[in-house]
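Chemist: Please see the structure below; I have some questions.
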Amino acid sequence: MSAAAAGTSKAAHGDVAPKKRRGPGALATAYLVIYNVVMTAGWLVIAVGLVRAYLARGSYHGLYYSIEKPLKFFQTGAMLEVREVMSRVFLTWAVTHSVREVQSEDSVLLFVTAWTVTEIIRYSFYTFSLLNHLPFLIKWARYTFFFVLYPMGVTGELLTIYAALPYVQKTGLYSVTLPNKYNFSFDYHSFLILVMISYIPLFPQLYFHMIRQRKKVLGHIEDYSKVE
Amino acid sequence: MKHYEVEILDAKTKDKLCFLDKVEPNATIGEIKSMFHKSHPQWYPARQSIRLDPKGKSLKDEDVLQHLPVGTTATFYFRDLGAQISWVTVFLTEYTGPLVIYLMFYFRVPFIYAPKYDFTTSKHWVVHLACMCHSFHYMKRLLETLFVHRFSHGTMPLRNIFKNCTYYWGFAAWMAYYINHPLYTPPSEFYGEQQIRLALIIFLFCQIGNFSIHIALRNLRPPGSKTRKIPYPTKNPFTWIFLLVSCPNYTYELGSWLGFTVMTQCLPVAFFTMVGFIQMTVWAKGKHRSYLKEFRDYPPLRSPILPFVL
C-alpha cells in the first residue's frame with residue numbers, strides 16, 4: 001500500500017514546524033541526507049528507465065522488465081523504513097516476482113508509476129527538510145499528489161494480486177498441505193484474498209490521515225497569506 | 001474536628017465537576033468516589049481516576065484525605081477510565097471459550113471437517129490425551145479464578161474482553177483444528193511413545209507447579225486486602241523456584257505449553273507457546289521491576305521469568 005508514513009528521523013516527519021524540534025546530530029543528518037539523496041536518485045532511475053523503454057518500444061507491454069532490477073534493489077533497500085515498506089516489499093517479491101504471469105499485466109505498471117512519483121517527491125521532501133531548505137512546491141506536491149497517487153497505487157496493487165490468484169491456486173505456490181510431520185497448513189491463495197480484504201479498513205485510514213496532515217501543514221500557509 | 005472541602009475538576013478541560021463540603025478528614029478516596037458518583041451517576045467508582053495532578057498517577061481508594069498533600073480545600077482531577085468490567089468476568093469468559101471450542105473440534109462437530117468425519121473420533125491415543133490435558137488446563141484456570149486468585153484491581157477496561165477473547169479463543173480454535181484433524185500426524189512410531197510420555201510428565205509437573213505458586217501467592221495476602229509482600233519458598237518443593245525467579249507462575253506456564261507442544265508435535269501450538277512466552281516475559285519484567293522498586297531488600301539472585309537468563 002502506498003503509505004507515506006514513517007520518515008527516517010523525527011525531523012524528517014516535517015509535518016509540524018521543524019523549528020521547534022531539536023534536529024538529529026550532525027552524523028545522523030549526514031547519513032539521512034545521503035540515504036534520501038540515494039533513494040531519490042534510485043527512483044529517478046526507475047522513472048527514466050520507464051520513459052526510455054516506452055519510447056523505444058512504443059507500447060506499455062513488457063515495461064516491467066526494463067526496471068525490474070532497480071525496482072527490486074531500491075524497494076528492498078528501503079527496508080530501512082520497516083514500518084511503511086512491508087506491503088511494498090510483499091507486492092514486489094511475494095506477488096510480482098513470484099508469479100511470472102502477472103509481470104506483463106498493466107496493473108503492475110500502474111502501481112510502479114504511482115510508487116515512483118510518490119517516492120521521488122517524498123525523498124526530495126525529506127532531503128530538503130533535513131537541509132532546512134524546503135521549497136514550498138515540494139511540500140505542496142507531497143501533500144497534494146497523493147489524492148491521485150494513492151488510489152492509483154492501491155488499484156494497481158489490488159488488480160495485480162487479483163491477477164495472481166488463479167496461478168497461485170493452480171500451482172499451490174507457497175502453500176503447505178496436510179498431512180505433514182508438524183501438523184500445519186497454509187493456503188497462500190486464501191492468504192492473498194485476506195490481504196486484499198485488509199485494504200478495506202487500512203487504505204481509508206491512511207488516506208484520511210494524509211488528508212488531515214494536509215490540512216495541518218498547508219492550512220498554516222493559507223493563514224499566513226491571510227495575515228499579509 | 002475541622003472538615004475539608006473537596007472540589008473535583010475535569011483533568012482535560014479543568015471544568016468544575018463537583019463540589020463537596022463538610023468532608024471528614026479521615027475520608028478515603030474510595031468514599032469520595034462514591035460521593036462523586038451520586039452527583040454523576042454515569043461515572044461509577046470503578047471508572048473514576050482521581051489524581052492530585054491532571055497528568056499524575058491515580059490515587060488509590062485506600063488513600064486518606066488528611067494524609068494527602070492538600071490544603072483544607074482539596075482540588076482533585078478526574079479522568080474517565082471508560083466502561084469497566086470485572087477481572088473475574090473477563091477471566092471466566094476468556095477461559096470458558098477455549099474449553100468449549102476445543103471440545104467442538106475434538107468431537108468433530110459438523111461444518112469443520114469434511115462431512116464424512118462428522119462426530120467421528122481420532123484413532124490416535126495422543127489426541128485423546130491432548131484433549132484431556134487441554135481441558136484440564138482450562139478447568140484449572142476457571143476454578144482458580146473462582147476460588148484461588150485475589151485480585152488487586154477489581155476491574156479493567158471493557159475493550160480488553162474483546163481483545164483477550166479474540167486471542168484465547170482464536171488460538172484455541174487454530175490449535176484444536178490441527179490436533180483433531182482426520183489427517184493429524186502423531187509423533188513418529190519409533191520414539192513417539194517416549195516423546196509423548198516425557199511431554200506428559202513435563203506438562204503435569206508444571207501444572208502442579210503453577211497451582212502451587214498460585215496458592216503461595218494467595219496466602220501472602222489476607223482476604224479482602226490488597227497488600228503486597230515479597231513471595232518466598234514454602235514447605236512445598238514446587239515453590240523453591242522462588243529462590244531463582246520472581247514470577248514462577250509464568251515459568252511453569254511456559255513449561256506446561258512446551259510440554260503440550262512436544263506432546264502434540266503441532267506447529268500452531270509452538271506459535272501459541274512462543275507468543276504467550278513473549279507476553280509473559282513482558283509482564284514478568286514489569287512485576288520484577290515493581291518488586292525491586294518497592295522492596296529494598298529484594299533478593300538479588302532472582303530473575304524475572306527464566307533462572308539466570310531472562
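Chemist: Inverting the mean 1/r over all pairs of different Cα atoms, compute the Kirkwood radius of chain B and quote it in Å. Write out the running numbers ahead of the final one.
Modeler: Details: mean 1/r = 0.0442 Å⁻¹.
Hydrodynamic radius (Kirkwood, Cα only) of chain B equals 22.6 Å.
Chemist: Once phi is turned into ³J(HN,Hα) by the Karplus curve 6.51 cos²θ - 1.76 cosθ + 1.60 with θ = phi - 60°, what whole-Hz value does each residue of the range B:177-184 show in order, with x for glycine and proline?
Modeler: 4, 7, 5, 9, 5, x, 9, 4
Chemist: In degrees between 0 and 90, to the nearest 10, how far off the longest principal axis of chain B does helix B:248-264 point, with axes built from Cα atoms?
Modeler: 20 degrees
Chemist: Report, in deg cm²/dmol and to the nearest 500, the calculated mean residue ellipticity at 222 nm for the protein assembly as shown, where each DSSP H run with n ≥ 4 adds -39500 (n - 2.57) and the sum is divided by the residue count. Each step should come with its number before you reach the end.
Modeler: Working: 14 runs with 304 residues, N = 538.
For the protein assembly as shown, the value works out to -19500 deg cm²/dmol.
Chemist: Give me the percent of accessible area attributable to carbon and sulfur for the range A:144-198, probe 1.4 angstrom. Mind dumping the intermediate values first?
Modeler: Numbers: 2110 of 2910 Å².
The computed percentage sits at 73.
Chemist: Hey, another quick one. Could you list the residues of the range B:2-16 with an amide nitrogen less than 16 Å from a label point located 7 Å from the Cα of B:D53 in the Cα-to-C-beta direction?
Modeler: B:11-12
Chemist: Relative contact order for the range B:161-310 using alpha-carbon pairs under 8 Å, separation at least 6, rounded to a whole percent?
Modeler: On the way: 159 pairs, mean separation 39.6, N = 150.
RCO, the range B:161-310: 26 percent.
Chemist: Now for a different question. How far apart, in nm, are two points set 7 Å out from the Cα along the Cα-to-Cβ line at A:T144 and at B:L142?
Modeler: 6.4 nm
Chemist: Pick from B:E144, B:E24, B:E253: which is most flexible by mean-square fluctuation in a GNM of chain B where alpha carbon atoms under 10 Å apart are linked?
Modeler: B:E24
Chemist: Right, next: How about the range B:257-302: which of its residues lose at least 20 Å² of accessible area in the presence of all protein chains relative to their chain isolated, using a 1.4 Å probe?
Modeler: Residues shielded by partner chains are B:Q265, B:L267.
Chemist: To the nearest 100 Å², how much accessible surface do chains A and B hide from each other in total, with a 1.4 Å probe?
Modeler: Numbers: alone 12960 and 17190 Å², together 29280 Å².
Summing both chains' loss of accessible area gives about 900 Å².
Chemist: Could you grab the relative contact order for chain B? Cα pairs under 8 Å, six or more apart, rounded to a whole percent.
Modeler: RCO, chain B: 14 percent.
Chemist: Rounded to a whole number, what % of the accessible area of the range B:4-82 do carbon and sulfur atoms account for, probe 1.4 Å?
Modeler: Values: 2180 of 4380 Å².
For the range B:4-82, the apolar C and S fraction of the accessible surface comes to 50 percent.
Chemist: OK, next. List the lysines whose Cα sits under 24 Å from the Cα of B:K33, skipping any in the same chain fewer than 8 residues away.
Modeler: Counting by Cα, and skipping residues close in sequence, B:K33 has these lysines nearby: B:K2, B:K12, B:K14, B:K16, B:K22, B:K55, B:K57, B:K60, B:K226.
Chemist: Summarise the accessible area of the range B:85-294 (1.4 Å probe, protein heavy atoms) by the percent that is carbon and sulfur. Don't skip to the end; give the middle numbers.
Modeler: Numbers: 7790 of 10870 Å².
In the range B:85-294, the share of accessible area belonging to carbon and sulfur is 72 percent.
Chemist: Using a ≥ b ≥ c from the Cα gyration tensor of the protein assembly as shown (square roots of the eigenvalues), is it rounded, prolate or oblate, where a/c under 1.5 gives rounded and otherwise the larger of a/b and b/c decides, a/b for prolate? It would help to have the intermediate numbers written out before the result.
Modeler: On the way: a/c = 2.25, a/b = 1.18, b/c = 1.91.
Judged from the Cα gyration tensor, the protein assembly as shown comes out oblate (a/c at least 1.5, b/c at or above a/b).
Chemist: At a cut-off of 30 Å², which residues of the range B:178-219 become less accessible once all protein chains are present than in their chain alone, using a 1.4 Å probe?
Modeler: For the range B:178-219, once contacts with the other chains are taken into account, B:Y178, B:L183, B:T185 lose 30 Å² or more.
Chemist: Hey, what do the phi angles of the range A:208-218 turn into as Karplus ³J(HN,Hα) couplings, whole Hz, using 6.51/-1.76/1.60 and θ = phi - 60°, x for Gly and Pro?
Modeler: 6, 4, 5, 5, 5, 4, 4, 4, 5, 6, 7
Chemist: Using +1 at the C-beta of Lys and Arg and -1 at the C-beta of Asp and Glu, which of B:A46, B:F242, B:C133 has the Cα lying farthest in the positive direction of the dipole of the protein assembly as shown?
Modeler: Selected residue: B:F242.
Chemist: Moving to a separate point now. Return one whole number: the accessible area per residue of the protein assembly as shown in Å², for a 1.4 Å probe. Kindly include the intermediate steps, with their values, before the conclusion.
Modeler: On the way: 29280 Å² over 538 residues.
Heavy-atom accessible area per residue stands at 54 Å².
Chemist: Further, regarding this structure: Counting other Cβ atoms within 10 Å, keep those with at most 11, restrict to DSSP loop, and tell me which trypsin sites (Lys or Arg not before Pro) in the range B:261-310 are left.
Modeler: Values: sites: B:K285, B:K287, B:R289, B:K293, B:R296, B:R302; in loops: B:R296, B:R302.
Here the trypsin sites (Lys or Arg not before Pro) that fit, given the DSSP loop and packing criteria, are B:R296.
Chemist: Which residues, if any, in the range A:172-193 have at least 20 Å² less accessible area in the whole protein complex than in the isolated chain, probe 1.4 Å?
Modeler: A:L178, A:P179, A:K181, A:Y182, A:N183, A:F184, A:S185
Chemist: Which Cα, out of A:S87, A:S59, B:V90, lies furthest along the positive dipole direction of the protein assembly as shown (beta carbon charges, K/R +1, D/E -1)?
Modeler: The Cα lying farthest towards the positive end belongs to B:V90.
Chemist: Moving on. Points 7 angstrom from Cα along the Cβ direction at B:K2 and A:I197: gap in nanometres?
Modeler: 6.6 nm
Chemist: Could you go through the range A:141-148 in sequence order and give the Karplus-derived ³J(HN,Hα) for each residue, using 6.51 cos²θ - 1.76 cosθ + 1.60 with θ = phi - 60°, rounded to whole Hz, and x for Gly and Pro?
Modeler: 4, 4, 9, 10, 4, 4, 3, 9
The values are calculated or read from the model by the stated rules, or taken from the named source; none is laboratory data. Nothing here was measured: the structure is a model prediction, and the numbers come from that model. Note: ideal-geometry Cβ built from the backbone for every residue, glycine included; neighbour counts use all protein chains shown. Surface areas here come from the heavy atoms of the whole protein model, side chains and all, with no ligands, DNA or RNA. Shrake-Rupley method; radii C 1.70, N 1.55, O 1.52, S 1.80 Å.
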